[in-house]
Amino acid sequence: MNEMSRRVLLLGGGALIAFGAAGGINMLLSDDAQASVATGSQAPDFSVQDANGATRTLAQFRGRTVVLEWTNNGCPYVRKHYDSRNMQTLQQEATTDGVVWLQIISSAPGEQGYLDAAGALARVQTDGAAPTATLLDPTGTVGRAYGALTTPHMYIVNPAGVLVYQGAIDDRPSARPASLEGATNYVRAALADLDAGRAVRTAQTTPYGCNVKYAG
């Protein structure tokens, strides 16, 4: 997206919505906006098929750290992280350390980013991505349960099933690859905190990116 062409409206409660030509409406949720799941509470369980046809639940990963990554392959903010290999590097680092990494596609059929099982597997291969699994959520049930608003929108669940981080992948709300230089990666920092046995120091941030293309 050409960021200079965006128009930003300030709505009640501090929510920002940026309108642009690429990726439709792009949303920025203010820090004080109410999330669907409170940080520090139990993360909602789910039961959904992955791109390989296996049923995945959050409960099956109890005892391990889980990263949830909402994605949309057509979103320029997502493409920034994949075309630069920033996301793949983070996935590989995390899964090598034993973290479960779940991509989630909540785009509805006919909407930008929607992929069936074969398309999702092909996209992972094309991107050289390294998630543990790619979950298909075309009804938006999982996305709405978590209050996922943007792609990317990141969540981290600790081994006890508690949501310990939610928000942006980093502190650069831009679709420009050049913005990655010098960025603070909140997900990497939160995982480092967990690995060190300390509380996540930055537990909630403002998500940015394209709006999740829910049905209806």
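No value in this document is a laboratory result; all are computed from the given coordinates. For clarity, every value in this text was computed on a predicted model and none was experimentally measured. Cβ atoms come from the backbone with ideal geometry, glycine included; neighbour counts cover every protein chain shown.
Things worth noting here:
- Cα shape, the range 100-155, gyration tensor, a/c 1.5 rule: oblate
- Among E111, E181, the ranking by other beta carbons within 10 Å of each residue's beta carbon, starting with the fewest, stands as E181, E111.
- Cβ-placed point charges (K, R +1; D, E -1), dipole of the range 80-216 about Cα centre in debye, nearest 20: 220
- Relative contact order for the range 115-216: 30 percent, from Cα pairs under 8 Å spaced at least 6 residues apart, divided by residue count.
- Counting neighbouring Cβ atoms within 10 Å and putting the fewest first, the residues R144, R123 line up as R144, R123.
- Phi-derived couplings, Karplus 6.51 cos²θ - 1.76 cosθ + 1.60 at θ = phi - 60°, listed residue by residue for the range 148-165: 5, 10, 10, 10, x, 9, 10, 9, 10, 10, 7, x, 8, x, 9, 6, 10, 8 Hz, with x used for Gly and Pro.
- Among residues other than Q103 with Cβ under 12 Å from its Cβ, the summed charge is -2 (Lys and Arg +1, Asp and Glu -1).
- In the range 135-198, the ratio of gyration radius to Kirkwood radius, Rg to Rh, stands at 1.02 when only Cα atoms are counted.
- The range 159-216-the range 45-107 distance, computed between alpha-carbon centres (Å): 13
- Most simply put, the range 49-150 has about 20% antiparallel DSSP beta bridges, counting only bridges with both residues inside it.
- P(r), alpha carbons of the range 66-216 - 10 Å bins starting at zero, rounded %: 12, 45, 36, 7, 0
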